[in-house]
Amino acid sequence: MEERREECGRLDGPNGAIAWRRRRGRGPAIVFFGGYASDMTGTKASFLDSWAAAQGRAFLRFDYTGHGASGGRFEEGTITAWAADAIAAIERLTEGPVVVVGSSMGGWIMLEVALARPARVRALVGIAAAADFTEDLLWARWDDATRARLVAEGRVTEPSEYDPAGSVYTRALIEDGRQRLRLRGPIGFAGPVRLLHGQNDHAVPWQTSLRLAERLESSDVQVILVKDGDHRLSRPADLALLARTLAPLLGEDGGEPLAV
């Protein structure tokens, strides 16, 4: 099958310029939502681009504002702002139904987009989906001194295995997250959902995917646990699992997963 050339550009989004890359092809389009402080050049996004290209599938990846090649300041970002970026990217860069793959924080963003645009989102695939992480994984474990510093200074920085400069979390992010919590009640999405999670994930507990599955109103929800999988789920076997999971959600012509 002929591989279509990848296009790239910058979109004037609601919070600044959004850098994007896409391939045109058969729908539904696959759209990748990255994690907190990540960008669209990561292992999973690049794998999905190659996988979609090999099948002639439409694929879109982009950077939230404040991330990667996009404009804006990272510390001004919130779940609401980044969800708005994602909605703008889908509305202006894709046509018809989409299947969203959300990694880590992208798994929370995909819920926001599915609830805001149910007519566009056919199915969801979460990879270590970090729904409600600002409240359950940050605020809940911080001591009183850290919480007080966040309130007084507007930000805290923590060591990170992914960034030598550490991870920055802002008061705006925490406060906005409280307005977007999804694991406290029903989540009104009716389409298929697949949730992949490593049981050796030290960033987002795998039980988070079980909680998410319980809250989703869809009757077609599956949780797939990888016993030795870490947070990234980026090993060749993990990527092959992602392809096998995604293909049936694209329809009968989903094709065979790309060998890795």
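Miscellaneous remarks
- Mean residue ellipticity (222 nm) of the chain, computed from DSSP H runs ≥ 4 via -39,500 (n - 2.57), nearest 500: -9000 deg cm²/dmol
- Three semi-axes describe the equivalent ellipsoid of the chain; taken as square roots of 5 times the Cα gyration tensor eigenvalues and ordered largest first, they are 28, 21, 17 Å.
- When you restrict to C-alpha pairs under 8 Å that are six or more residues apart and normalise by the size of the chain, the relative contact order lands at 16 percent.
- Dipole magnitude for the chain: computed about the Cα centre from +1 point charges on Lys and Arg Cβ and -1 point charges on Asp and Glu Cβ, it is near 420 debye.
- Among G13, G126, G154: highest mean-square fluctuation, GNM of the chain, C-alpha pairs under 10 Å: G154
- Per-q log10 I(q)/I(0), the stretch 104-171, q = 0.19, 0.25 Å⁻¹ (Debye; single scatterer per alpha-carbon; no solvent): -0.84, -1.09
- Other residues within the sphere of radius under 13 Å centred on the Cβ of W206, judged by their own Cβ, net out at -1 (K and R +1, D and E -1).
- Directionally averaged shadow of the stretch 27-157, computed from the convex hull of its alpha-carbon atoms, nm²: 8.3 nm²
- Formal net charge of residues neighbouring L124 (Cβ-Cβ distance under 14 Å; K, R +1; D, E -1): +3
Values quoted throughout were computed directly from the atomic coordinates according to the rules given, and no laboratory measurement underlies them. On a predicted model such as this, the values are computed, not experimentally measured, just so you know. Cβ atoms come from the backbone with ideal geometry, glycine included; neighbour counts cover every protein chain shown.
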